[in-house]
Amino acid sequence: MKRVKQYAKEIGGHAYRPWKNDPFDFNLAMKRNKRWINDMMKEGREIIDIGPDFSRRSLGRDPSPFYNMERSQVKGYSNYKKVFERDGCLSGGVKDFDR
């Protein structure tokens, strides 16, 4: 999430800000994130995909379930913009941001 917020700040965009969820409830967090994505699409907002956190993947960690859900939600959305490049399964990123 830190990476997403940093990128949004650099381009003057907005990133999802989760509501308080203590103790953490995964299903509630996923539901809220999904609702926010859907609300942004209903408003016609541009959704910018900066890709998965490849540093996370290179350490052998699974992709974020939140990122996977977001990708699924925006599939076919006309105002979706992919800005990352993939160099393989475990490497890639946004030019001049991740590298």
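The values are calculated or read from the model by the stated rules, or taken from the named source; none is laboratory data. This structure is a prediction, so every number in the text was calculated from the model and none was measured. In this analysis, Cβ positions are derived from the backbone assuming ideal geometry, glycine residues included, and neighbour counts consider all displayed protein chains.
Would you mention how many residues in segment 12-29 are exposed (fewer than 11 other Cβ atoms within 10 Å of the Cβ) and part of a helix (DSSP H, G or I)? Residues meeting the conditions: 2.
Each row is one residue, and each column tells you yes or no for (1) surrounded by fewer than 15 Cβ atoms within 10 Å (Cβ to Cβ); (2) under 14 Å from the mean Cα position of the chain (by Cα); (3) touching a residue at least 60 places away in the same chain (Cβ under 8 Å).
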position	(1), (2), (3)
LYS34	no, yes, no
ASP39	yes, no, no
ILE48	no, yes, no
PRO52	no, yes, no
LEU59	yes, no, no
GLU70	no, yes, no
VAL74	no, yes, no
LYS82	yes, yes, no
ARG86	yes, no, no
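Name the single residue, out of those in segment 18-48 being closer than 16 Å to MET1 by Cβ and among the basic types (Lys, Arg), that is modelled with the lowest pLDDT. Out of the qualifying residues, it is LYS20. The residue that is nearest to LYS81 (Cα to Cα), counting only those in segment 30-51 that are assigned to a loop (DSSP other than H, G, I, E, B) and of a type outside the set (Val, Ile, Thr), is GLU46.
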